[in-house]
Amino acid sequence: MDKKALYESVLLQASGLIEPGLKPVSLFANITALLKQNIPYLSWCGFYLKNEDRSLYLGPFQGLVATTHIPFEKGVCGKAAREEKTVIVEDVHAFPGHIACDAGSQSEIVVPLLHHGILLGVLDLDSYDHAAFDTIDQYYLERLMQQVVESLS
């Protein structure tokens, strides 16, 4: 599998989903569906959106039921939100404070969604494969989140 070609296709398809005036929840829902349908090693994909109390709440997603509330102090999503940077975890079972919604999950990547330097939430992707995510995923997912944020302006 050529990850770069896969993600280039995803970015192209994502540009077709973005339209002026689209409500964020609709865009987020379609982005999660796009990723889940096109990235074969994903087991779960979704957005967690920022609450005013330094926590995240569950937004649109694709996959099994999920945790609905995550404090910034907990889990991979909390770390990415707190530090406002992408976090890649090769083995979630070795990550202190990992929040396990699906016991089958092995690895995770969480990308912050920043709009003019303000955290709106995070994109969370899980895989049943160990070390499924790398810097290629990070590069393209950060580009995708940039596309998403620019559409919100």
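Would you mind calculating the relative contact order of the chain from Cα pairs under 8 angstrom and at least 6 residues apart, reporting the percent as a whole number?
In percent, rounded to a whole number, it is 23.
If each of E84 and Y128 carries a label point 7 Å out from its Cα toward its Cβ, how far apart are those two points in nm?
Each label point lies 7 Å from its Cα, and together they span 3.8 nm.
Leaving out same-chain residues fewer than 8 places away, which lysines sit with a Cα under 19 Å from that of K50?
Result set, ordered by chain and number: K23, K74, K79, K85.
Using +1 on the beta carbon of Lys and Arg, -1 on that of Asp and Glu, and nothing else charged, what's the dipole of the range 3-152 about the Cα centre, debye to 20?
My answer is approximately 240 debye.
When we measure straight from the Cα of K4, which lysines land under 20 angstrom away, once same-chain ones fewer than 8 places off are left out?
Filter leaves K36.
Please give the length that would be gained between H69 and Y139 if that part of the chain were fully extended, namely 0.36 nm times their separation in residues minus their C-alpha to C-alpha distance (nm, one decimal).
Gain on extension, H69 to Y139, equals 22.5 nm.
Bear in mind these aren't lab numbers, they're just calculated from the coordinates by the rules spelled out. Bear in mind that the values here come from a model prediction, so they are computed numbers and not experimental data. Glycine gets a Cβ as well: all are built from the backbone with ideal geometry, and neighbour counts include every protein chain shown.
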